[in-house]
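Take a look at the structure set out below.
The values are calculated or read from the model by the stated rules, or taken from the named source; none is laboratory data. Everything quoted here is computed from the prediction, not taken from an experiment. Please note: Cβ atoms are built from the backbone with ideal geometry, for glycine as well, and neighbour counts cover all protein chains shown. Ligands, DNA and RNA are excluded from the accessible area calculation, which covers all protein heavy atoms including side chains. Shrake-Rupley method; radii C 1.70, N 1.55, O 1.52, S 1.80 Å.
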Amino acid sequence: MALILNQMAFPPLTQPGSLRTRRVCVASTVNNPPSKVEINLEKPFSPRREAPHAQVTHSMPPEKMQIFKSLEKWAEENILIYLKHVEKNWQPSDFLPDSSSEGFDEEVRELRGRAKGIPDDYFVVLVGDMITEEALPTYQTVLSTLDGVRDEMGVSPTSWAVWMRGWTAEENRHGDLLNKYIHLSGRVDTWQTKKTIQYLIGSGMDLQTENNPYLCYIYTSFQERATFISHGNTAKLAKHHGDLKLAQICGTIAADEKRHETAYTKIVEKLFKIDPNDTMLAFADMMRKRITMPAHFMYDGRDKNLFEHFSTVAQRLGVYTTRDYCDILEYFVGRWDVEKLTGLSCEGRRAQDHECGLPQRIRKIEERVASSIGKASPVPFSWVFGREI
């Protein structure tokens, strides 16, 4: 997964947890007695802010679980086909210098030579995408908590659990590939990027999907399409800057995301067919909450507004914009035939009217968001050695 940008949805993050000081013993490299030194440590893995809402859990009525049990065979035939066989799939080593080859050093020099021509702001976006992909353990955890489709013991043979594990395995290659490319490029402070990944996984994420597969599969449909767009645009920019290998890397990841989007979109399409009212209400609920980037708790130990600053750079480069957010919403309204749904309750019809008109309302705000992005002041990014972007 990668960037989800909605400038209206993200107030500045609050100040990270207060620092604490403790004494630690540091052993000498010789036989001298240990010395006492003062080290400031932030509380480990504590969330950087409280959720701005009361958290809701297990909101799906128990009787709805039967729907997903009844769809087991359907998922096997219609969703698992979007997982590629491991032996036929690509791996990060296909796109990187071969460390076992005598020409490894030369290949690395060529990679670094191409990377020199790429501006810092591009690397900020690429790093942000990589960090988001590397927080995969959190995403698998969330999918594993969904009522009716969860992987109870980690080895469940149900189609839903097989999909979740297979999807995770495929997604795992994305962060791995980007991380290794970025490391070899020499353009990035990898100490800071690794810290950001650790902070992010430790902080988790708050998507407001409530252990509810209706909500979560709408979220993942939107998120995968946004990721496809984001990686596709980083591929175009890499080609523009003359790095065709990096363009291939980003384009290959984008193709994966497109395939995953198709699977999640089909799940929601099926839910609209068999349970249109509750699916409509779930769609409206997620749009009301707004689709938030899974890495919205991004932090590098320095910048308490890192996500906001990263999103601004992505918007300015055209990697992912408010217009893209609106286009995706408009796409799903059409893809799921939201305007044509029948048999809805009064509440469902109100939700239907609201969602069909929402893209137009967002487009009226789009120009103001773009204007504010253009006026943003440069800020230092630790990922590129503190240079201002």
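Would you mind classifying segment 165-243 by shape? Square roots of the alpha carbon gyration tensor eigenvalues, ordered a ≥ b ≥ c; an a/c under 1.5 is rounded, otherwise it is prolate if a/b is larger than b/c and oblate if not. Here segment 165-243 falls in the oblate category. In terms of its Cα atoms, segment 250-389 spans 57, 33, 25 Å along the principal axes, sorted from long to short. Using θ = phi - 60° in the Karplus curve 6.51 cos²θ - 1.76 cosθ + 1.60, the 3J(HN,Hα) couplings for segment 174-182 round to 5, x, 4, 5, 5, 4, 5, 4, 4 Hz; x is entered for Gly and Pro.
3J(HN,Hα) along segment 255-272, derived from phi through the Karplus expression 6.51 cos²θ - 1.76 cosθ + 1.60 where θ = phi - 60°, amounts to 5, 4, 5, 5, 5, 5, 4, 4, 5, 5, 5, 5, 4, 5, 4, 5, 5, 4 Hz, with x in place of Gly and Pro. Once both axes come from the Cα atoms, what is the angle between helix 306-317 and the longest principal axis of the chain, in degrees from 0 to 90, rounded to 10? Tilt of helix 306-317: around 80 degrees. If you take the Cα centroid of segment 277-313 and the Cα centroid of segment 317-360, the two points sit 18 Å apart. Structural descriptor for the chain: relative contact order 24 percent, calculated from alpha carbon pairs under 8 angstrom and at least 6 residues apart. The share of accessible area on segment 158-211 that comes from carbon and sulfur is 54 percent, using a 1.4 angstrom probe. Couplings 3J(HN,Hα) of segment 120-134, computed from phi: 4, 5, 5, 5, 4, 5, 4, 5, x, 5, 5, 4, 4, 5, 6 Hz, in residue order, whole Hz [Karplus 6.51 cos²θ - 1.76 cosθ + 1.60, θ = phi - 60°; x for Gly and Pro]. In this label model, residue 116 and residue 81 are separated by 5.0 nm, measuring between points 7 Å along each Cα→Cβ vector.
Dimensions of the chain from C-alpha coordinates, computed as largest minus smallest value along each principal axis and given longest first, are 76, 49, 48 Å.
Around the amide H of residue 387, modelled in the peptide plane, lie the amide H atoms of 381, all under 5 Å away and 5 or more residues distant in sequence or on another chain.
Decide, for segment 203-272, between rounded, prolate and oblate: order the square roots of the alpha carbon gyration tensor eigenvalues as a ≥ b ≥ c, take rounded if a/c falls under 1.5, and otherwise choose prolate if a/b is larger than b/c, else oblate. It is prolate, given that a/c is not under 1.5 and a/b is the larger ratio.
Can you compute the FRET efficiency between residue 342 and residue 194 using 1/(1 + (r/R0)^6), with r the Cβ-Cβ distance and R0 = 51 Å? Round to the nearest 0.05.
Numbers: r = 52 Å, r/R0 = 1.03.
According to the calculation, E is roughly 0.45.
Taking each residue as 0.36 nm, the span from residue 89 to residue 58 lengthens on full extension beyond its C-alpha to C-alpha distance by 7.6 nm.
Ignoring ligands, DNA and RNA, what accessible area per residue does the chain give at 1.4 Å, in Å²? Heavy-atom accessible area per residue stands at 47 Å².
What GluC sites (Glu not before Pro) does segment 77-175 have in DSSP loop regions with at most 15 other beta carbons within 10 Å?
Details: sites: 77, 87, 102, 106, 107, 110, 133, 134, 152, 170, 171; in loops: 102, 152.
Those satisfying the criteria are 102, 152.
Extending 7 Å from Cα along the Cβ direction at residue 153 and again at residue 65 yields two label points whose distance is 1.7 nm. Legend: distances between Cα atoms for 195/304; 194/258; 116/245; 116/194; pairs beyond 20 Å are 194/258; 116/194. Compute the angle between helix 190-203 and the longest alpha-carbon principal axis of the chain, please, reported from 0 to 90 degrees and rounded to the nearest 10. Value to nearest ten degrees: 40. Return the carbon/sulfur percentage of the accessible area of segment 248-316, one whole number, probe 1.4 Å, all protein chains in place. Answer for segment 248-316 is 45 percent, counting heavy atoms of protein chains only. For the pair segment 110-174 and segment 247-273, the centres of their Cα atoms are 13 angstrom apart. A Förster distance of 22 Å, applied to the separation of the beta-carbon atoms of residue 367 and residue 331, puts the FRET efficiency at 0.60.
What FRET efficiency would be calculated for the residue pair residue 104, residue 244, taking the C-beta separation as r and a Förster radius of 25 Å, to the nearest 0.05? Show your work: numbers first, answer last.
Working: r = 20 Å, r/R0 = 0.79.
Approximately 0.80, to the nearest 0.05.
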